[in-house]
Amino acid sequence: MRKIILADSAGFCFGVKRAVDTAINMKKKYNSKIYTLGPLIHNNDVVNFLKENLIYPIELNNIDKLEENDTLIIRSHGVSEETLNILKKTKLNIIDATCPYVANIHKKVKKYYDLGYHIIIVGDKSHPEVIGINGWCNNSATILKSGTEPGPLSNKVCVVSQTTETQSTWENVLTKVIKTSKEIVAFNTICSATEVRQKSAEELSKKVDAMLVIGGFNSSNTTKLYEICKKNCVNTIYVENLLGIPDEFIKDKNVKIIGVTAGASTPNWIIDEAILKMSK
Ligand code: F3S
């Protein structure tokens, strides 16, 4: 009999759940179309579900098409100071669902930038969260990953990380910064939800024959879970939902135990459907 084990911690994190609940509650409250600044979360299934419920993503350069008092939700990734100011000047009903942990990074970055520190962000420069954080220090931050060389840095630096960054990348970058700068203020702002998910995926992937990682292909935290699992378990696959699970994966007789994990933007119903498909 094949065993399927779900990681202790998998699926929606606090900030994502809060943003999705906010959107649904606003829809109920105003009973009219609701807009989110960009797709609310990195999961196409959820974005489609929201559209069916009249909750639509819209880009910043299109918000002039909205009408007065339309509701616009800022997603959990947060936005730059400039974007926030633009939004505040509109006549829209702005609901800020920035995750409080991300908002805390904005505050720190602004404070230390104003104190004359050069800001370093450990993360992906194209990720909306990092773009938002950089927008609290006048877009002046140096954005670093494990492989990148920092080059000459200012003597006085303040380092923060993208909330979904891995501990090893954080440590790797800090080691380099220590060699270049003299005055270093470092805030490990990796979210504990991310750490807990990564740790439980890591432990689980060490004791299973195959590992299924579920989440949007555009979700950075799911991609990181996949990388972690793949290191420990060669037979790891990454799918967006049950439709992506190949038959060979399910029917493989050598697989006695399958581990399952899911990114912070994967809702429970997608995890449940995938588990159900594999148990059949
Ligand atoms: Fe917030 Fe952490 Fe989720 S920063 S959005 S609770 S991964």
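Points worth noting:
- So Ser219, is it in the same structural domain as Lys251 (by TED's automatic domain parsing) and not basic (Lys, Arg): yes
- Listing of strands (runs of 3 or more DSSP E) fully contained in segment 1-78 that carry 2 or more residues being touching a helix residue (DSSP H, G or I) at 6+ places or on another chain (Cβ under 7 Å) and over 24 Å from His106 (Cβ atoms): 3-6
- With respect to the conditions (1) within 13 Å of the ligand (Cβ to nearest atom); (2) touching a Ser or Thr at 6+ places or on another chain (Cβ under 7 Å); (3) not aliphatic (A, V, I, L, M), Phe14 falls short on a single one, namely (2).
- Top-ranked residue of segment 76-93 - restricted to ones that are of a type in the set (A, V, I, L, M) and buried (at least 16 other Cβ atoms within 10 Å of the Cβ), ranked as nearest to Val159 (Cα to Cα): Val79
- Candidate set: segment 118-130, residues that are open to solvent by less than 30 Å² (accessible area, probe 1.4 Å) and modelled with pLDDT of 95 or more; chosen: the one nearest to the ligand (Cβ to nearest atom): Glu129
- Some residue of segment 167-185 being within 21 Å of the chain's Cα centre (by Cα) and over 27 Å from Lys199 (Cβ atoms): no
- Segment 81-107, subset among the β-branched types (Val, Ile, Thr) and touching a Gly at 6+ places or on another chain (Cβ under 7 Å), residue farthest from the ligand (Cβ to nearest atom): Thr83
The values are calculated or read from the model by the stated rules, or taken from the named source; none is laboratory data. Bear in mind the structure is a predicted one, so any value in this text is a computation, not a measurement. Reconstructed Cβ throughout: ideal geometry from the backbone, glycine too, with neighbour counts over all protein chains shown. Surface accessibility is based on the protein's heavy atoms, side chains included, excluding ligands, DNA and RNA. Shrake-Rupley method; radii C 1.70, N 1.55, O 1.52, S 1.80 Å.
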